[in-house]
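Structure, as C-alpha cells:
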Amino acid sequence: MGIFADRTAVVTGAASGIGLALTTRLLAAGARVVMADIEAAALDEAATALTAAGGTVLPVVTDVRSAVAVEALATRAAEAFGIVQYVFANAGVSVSGATWDVTADDWQWIMGVNVFGVAHMVRSFVPPLVASGLPGRVCVTASVAGYLNQPGFGAYNATKHAVVGIAESLAADLREIQSPVGVTLLAPWFVRTRIADGARNRPAELRDATAPTDFSRSVSARLGAWSGTMHTAEQVADLALSAIEDGHFAVFPYEPSRDAVRARIDAVLDGGIADFYLPS
C-alpha cells in the first residue's frame, strides 16, 4: 500500500475496534498516525504498544462531539506532522430499542458522536487538505444501517443514513471543484468490536438508566444468533485500505448486504418496505 508511506493519517475511535485495526494497518504501510479517542487509558495503552513496535503515532484524547475538540485535534496534527492526507472519521456508538423508546439523551449522545463527529472532522481537516492541492482521502465509517433499517436500532439507523448523506455530498463537492481528494464510505455489517459496550464512554450527563425493553431483547437475541457472519475489525480495515488505494467509494464487506440493498431499493420504488434481516 505505497500511497500511505510517509503520509499522515488521522483516525478517530483509534483505541479499539475498526479504528485500532486501521491504525495498525496504516502504520504497517508506512504512515504516521494521529490517534484520536475519548477513552484516555485505552488510547495510551494502544499508542504505547504501537510506538514500541516501531510506529510513529500521536495520541490525542478527543471527544468528537465537540467542534472545539476536533479543531484542537487538527491543530495538534498539523503542528506535529503537517498536512493530514488521510482522514478516517471512524468513531461511532450505538443505542438499541424500539424507536419510541429512544430517549432524548440517547438521541443527543448518538447524534453527537455519529453525525456531528463526522461533520466536525470534515470541517476541520478537509479545507487545509484541499488548499494544499495534495491528493488524499476521507474515509467515513458508516454501516449497512446507512442503507437499510433494522428493527430495534432506529436512532443508530438514522445516524448512519445521515453519515451516508454526508459522505456522498462531500464526494460530489470535491468532484465539483476537481479536487484530488476523494471519499471512501465504509458500510460493514456486524463487526467484532466493543461498540455494544460503547456506553462505557457515554457522558455522565447523558446517561440513561432505562432498562432494555422486551422488544430490544428479542431483536438483540436474533442478531446475536448471527455472530458467525461477523467480520473481524482487521478484515474490515484491510478492505477499507484496499478500497482507498483503488479509489473506490463504497465498501460493503459483507457480500449478501449488496443484495439486501438492491432489494430495499426495489421495494421502496414499488411502494413497499424491505425486510432488513440478514441472513435469512
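The values are calculated or read from the model by the stated rules, or taken from the named source; none is laboratory data. Nothing here was measured: the structure is a model prediction, and the numbers come from that model. A quick note on method: Cβ atoms are made from the backbone with ideal geometry, for glycine too, and the neighbour counts reach across all protein chains shown.
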Yes/no for GLY13 being touching a strand residue (DSSP E or B) at 6+ places or on another chain (Cβ under 7 Å) and more than 24 Å from SER132 (Cα to Cα): yes
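What is the residue count in segment 131-154 for residues that are out of contact with any Pro (no Cβ under 9 Å at 6 or more places or on another chain) and part of a helix (DSSP H, G or I)?
Taking segment 131-154 as the starting set, the residues that turn out to be out of contact with any Pro (no Cβ under 9 Å at 6 or more places or on another chain) are 131-132, 137-140, 145-154.
Narrowing further to those that are part of a helix (DSSP H, G or I): 131-132, 145-146, 154.
The qualifying residues number 5.
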Can you work out which of the residues in segment 148-189 that are over 21 Å from LEU239 (Cβ atoms) and charged (D, E, K, R) is nearest to the chain's Cα centre (by Cα)? ASP173
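GLY92: within 16 Å of GLY154 (Cα to Cα) and touching a Lys or Arg at 6+ places or on another chain (Cβ under 6 Å), yes or no? Write out each step before concluding.
Details: within 16 Å of GLY154 (Cα to Cα): yes; touching a Lys or Arg at 6+ places or on another chain (Cβ under 6 Å): no.
Judged against the criteria, GLY92 is not a match.
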Within segment 16-60, residues being closer than 25 Å to LEU134 by Cα and under 19 Å from the mean Cα position of the chain (by Cα) number 13
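Which strands (runs of 3 or more DSSP E) sit wholly inside segment 1-79 and have at least 2 residues that are surrounded by 24 or more Cβ atoms within 10 Å (Cβ to Cβ), of a type in the set (A, V, I, L, M, F, W, C) and at pLDDT 95 or above?
Of the strands (runs of 3 or more DSSP E) lying wholly inside segment 1-79, those with at least 2 residues that are surrounded by 24 or more Cβ atoms within 10 Å (Cβ to Cβ), of a type in the set (A, V, I, L, M, F, W, C) and at pLDDT 95 or above span 8-12, 32-37.
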Looking for something surrounded by fewer than 16 Cβ atoms within 10 Å (Cβ to Cβ) and over 20 Å from the mean Cα position of the chain (by Cα) - is there at least one such residue anywhere in segment 90-98? yes
